[in-house]
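> Here's a structure for you.
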Amino acid sequence: MILFLGRVLTNLFRLLTAPFYFMAKLAARPRARWVHIRMRPKVVEIGKPIPFFMEYVPGFSETLPTSLTLIRELVDQIVEDDRIEGVVFDVPPLAAGWATCRSLRELMLRLRAADKKVVVYLSQGGGNRELYVASAADRIIASPVSQLAPLGLGASVTYLKGLLDKAGVEVEVHRRAEYKTAAEPVTRTSMSDEQREQTEALLDTIDGELRDALRSRPGVDDAKLESFFEAALVSAQAAVERGLIDGVGYEDELPTWLAEDRKVTPVCRAPRYYAYRKMRLFGRVLPEKFVAVVPIHGTIQGGQPGTRGGRSLSTTVATLRAARRDPFVAGVVLHVDSPGGSALASDLIHREVERLKELKPVVACFGDVAASGGYYVAACADAVVAQPLTVTGSIGVVSARLVTAPLLEKLGVNVESIRKAPHATMLTGPGRLDDVEGQILDREIDAFYQAFVGVVAKGRGRPADEIEGLARGRVWSGADAKERGLVDRLGGLDAAVDEVRERLGSRLSERARQALRPKVLRVLRLELPPAEPRPVEAAARAVLAEVDPRAGDLLSLARGDERVFCYAVDVPEIR
């Protein structure tokens with residue numbers, strides 16, 4: 001009630017000052033017919049909210065990622081504005097996954113479909129990702145001294161077993177099933193056949209997309225495409241001669257590349273244009289229904305924040321419960337960009353998604369990676385949406401623990417234990433598990449693997465034996481997952497929101513469904529810091545994290561309180 005009265009009083013004040021509002025809006029109206037969007041290197045689907053005063057800290061805004069949600073809203077405004085003729089995207093070297101790059105590329109194609117011109121400026125040159133995105137534009141311009149790197153795709157995995165052997169540290173691993181290669185980097189010295197098979201399949205999908213994108217450039221046929229990859233590294237001027245890009249120019253010369261006659265074309269910066277389009281005389285008085293976007297990003301870890309930007313279990317559960325109770329949440333998009341993590345935490349989040357689904361439509365939207373536990377949490381959603389280049393699947397489990405006994409022996413450390421039960425120290429001892437203890441752990445892993453397959457089978461409405469054939473820890477691209485029924489629809493966040501609208505059906509009027517807008521729903525909670533690991537294990541994990549952060553992530557989960565993980569650290573890094 002207080003909020004309602006506050007909004008009414010605010011609108012009354014705005015009514016009294018209406019003449020000043022119209023004068024301010026007239027003065028703020030951009031005269032230019034082109035909008036300049038300057039991207040930042042890191043691109044994410046959903047940006048984290050920051051306190052308003054941080055915007056005034058010098059240099060802070062430059063460290064923030066570019067939010068595709070914000071760019072998508074800006075594109076919506078430009079498409080509806082008949083005055084705007086085109087958009088310039090200033091694209092730096094991108095720190096983004098292939099699915100995110102696909103979403104950005106789709107926004108450019110949408111502008112072109114709405115008869116807006118699109119120009120991409122590669123101020124620092126670019127490689128595979130930048131050229132893939134830029135190929136959606138009408139024209140590509142690069143800085144004169146920059147370099148283009150159409151290297152083609154490759155994937156690398158770092159194997160650490162030799163290093164661990166020298167240090168006297170082993171990693172004991174139990175997994176289900178053969179494609180669950182999460183711990184291979186610390187247990188092998190070379191790539192297994194299963195890892196090679198699924199990596200090559202992922203490469204085939206992304207390589208096909210990259211080649212199709214470059215082939216869409218004017219005058220580029222298969223022979224010219226192969227010449228790009230053979231050249232590998234070319235100067236900007238040489239790239240023009242080869243037909244890879246359209247021209248070179250410094251940033252101050254960019255306005256001369258927008259018109260066909262090469263005359264100077266005025267350009268409006270995107271923040272100014274966005275602020276002008278968002279100006280409203282009256283604010284909304286009554287709350288409206290919205291589609292809540294609940295992010296599950298980073299490693300899924302129970303009880304405390306996950307590694308490398310992961311969300312804690314308590315925060316995610318609280319957010320899902322808030323969405324369930326909120327009468328203005330019409331539906332939910334579960335945005336998953338996670339390689340998984342804790343099996344227990346994944347199951348608890350899955351349970352909250354099931355309860356939410358009982359009352360409201362829930363659609364899962366996969367980002368760059370939604371594998372293992374990232375797939376588990378979304379398996380029961382009404383529909384699953386993913387980009388063709390999303391990495392998903394990895395339906396399997398793994399257990400890993402450090403065996404530090406050889407290292408302790410080298411250091412002259414002896415550990416003795418007194419047990420009141422046969423296996424009292426099986427999870428805390430520095431040595432390897434014996435045969436019986438290994439069988440006990442295998443039994444637990446088997447049970448959770450079967451449960452994982454059952455969860456997916458129930459969510460997809462298919463027999464468990466069919467899902468078992470698609471599981472076994474195998475990683476799939478979004479396109480391959482769609483063919484096999486693990487994904488329902490290809491697309492990004494906008495496609496997921498459309499899916500929610502469609503599933504609302506007769507619950508809302510057509511007008512109300514069309515008016516729905518996505519809104520990121522977050523619940524902030526105070527959390528305890530993670531417990532410190534034992535000193536010897538902490539040192540070993542630190543070494544692993546320095547050499548390969550993903551291997552460090554896996555072992556940071558295995559603190560002894562949990563044994564089974566739905567974690568896809570085996571997802572290769574494709575460049």
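> Of all the residues that make up segment 321-336, how many are surrounded by fewer than 24 Cβ atoms within 10 Å (Cβ to Cβ) and not small (Gly, Ala, Ser)?
Of the residues in segment 321-336, 7 are surrounded by fewer than 24 Cβ atoms within 10 Å (Cβ to Cβ) and not small (Gly, Ala, Ser).
> Name the one entry in ASP347, ASP326 that is of a type in the set (D, E, K, R), within 23 Å of LEU486 (Cα to Cα), modelled with pLDDT of 90 or more and out of contact with any Pro (no Cβ under 9 Å at 6 or more places or on another chain).
The match here is ASP347.
> Being acidic (Asp, Glu) and under 28 Å from the mean Cα position of the chain (by Cα) is the filter here; which residues of segment 78-99 pass it?
ASP90
> Going by the conditions given, is ALA114 over 24 Å from ARG211 (Cα atoms), of a type in the set (A, V, I, L, M) and more than 26 Å from the chain's Cα centre (by Cα)?
Taking the combined requirement at face value, the residue satisfies it.
> Here's a follow-up. Which of the numbered conditions does TYR273 fail, given that it passes all the others? Conditions: (1) touching a Lys or Arg at 6+ places or on another chain (Cβ under 9 Å); (2) of a type in the set (Ser, Thr, Tyr); (3) assigned to a helix (DSSP H, G or I).
That leaves (1) as the condition not met.
> Also: Scan segment 427-463 for residues that are acidic (Asp, Glu) and within 30 Å of the chain's Cα centre (by Cα) and jot them down.
ASP446
> Additional query: With SER135, SER103 as the choices, which residue is out of contact with any Ser or Thr (no Cβ under 8 Å at 6 or more places or on another chain), of a type in the set (Ser, Thr, Tyr) and more than 23 Å from ASP252 (Cβ to Cβ)?
SER103
> Something else now. Given the options LEU281, LEU244, name the one that is modelled with pLDDT of 90 or more and among the hydrophobic types (A, V, I, L, M, F, W, C).
LEU244
> To continue, here is another question. What about ALA345, is it in a helix (DSSP H, G or I), crowded, with 24+ Cβ neighbours inside 10 Å and out of contact with any Lys or Arg (no Cβ under 9 Å at 6 or more places or on another chain)?
yes
> Given the residues LEU411, LEU402, LEU407, which is the only one that is modelled with pLDDT under 90, in contact with a Gly (Cβ under 6 Å, 6 or more places away or on another chain) and more than 22 Å from ASP347 (Cα to Cα)?
Just one listed residue meets the conditions, LEU407.
A quick yes/no check of all residues on (1) at pLDDT 95 or above; (2) outside any helix (DSSP H, G or I); (3) among the β-branched types (Val, Ile, Thr); (4) out of contact with any strand residue (DSSP E or B) (no Cβ under 6 Å at 6 or more places or on another chain):
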| position | (1), (2), (3), (4) |
| --- | --- |
| LEU70 | no, no, no, yes |
| ASP82 | no, yes, no, yes |
| LEU107 | yes, no, no, yes |
| LEU111 | yes, no, no, no |
| LEU122 | yes, yes, no, no |
| ARG129 | yes, no, no, yes |
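> Confirm whether ILE445 is touching a strand residue (DSSP E or B) at 6+ places or on another chain (Cβ under 6 Å) and among the aliphatic types (A, V, I, L, M).
So ILE445 passes the test.
> Could you tell me how many of the residues in segment 423-446 are closer than 20 Å to LEU344 by Cβ and touching a residue at least 12 places away in the same chain (Cβ under 8 Å)?
Number satisfying all stated conditions: 9.
> Against the condition assigned by TED's automatic domain parsing to the domain that holds ALA134 and either touching a Leu at 6+ places or on another chain (Cβ under 9 Å) or modelled with pLDDT of 95 or more (or both), how does ALA238 come out, does it pass?
In short, yes.
> Which one of these is more than 26 Å from the chain's Cα centre (by Cα) and over 30 Å from ARG262 (Cβ atoms): GLU184, GLU170, GLU194, GLU200?
Just one listed residue meets the conditions, GLU170.
> Please state which one of ALA167, ALA182 is touching a strand residue (DSSP E or B) at 6+ places or on another chain (Cβ under 6 Å), at pLDDT below 90 and not β-branched (Val, Ile, Thr).
Residue meeting the stated conditions: ALA182.
> Then there is this: For residues that are of a type outside the set (D, E, K, R) and either within 13 Å of LEU122 (Cα to Cα) or part of a helix (DSSP H, G or I) (or both), tally how many sit in segment 229-269.
18
The values are calculated or read from the model by the stated rules, or taken from the named source; none is laboratory data. All of these numbers come straight from a predicted model, not from anything done at the bench. So basically every Cβ, Gly included, is an ideal-geometry build from the backbone, and we count neighbours across all protein chains shown.
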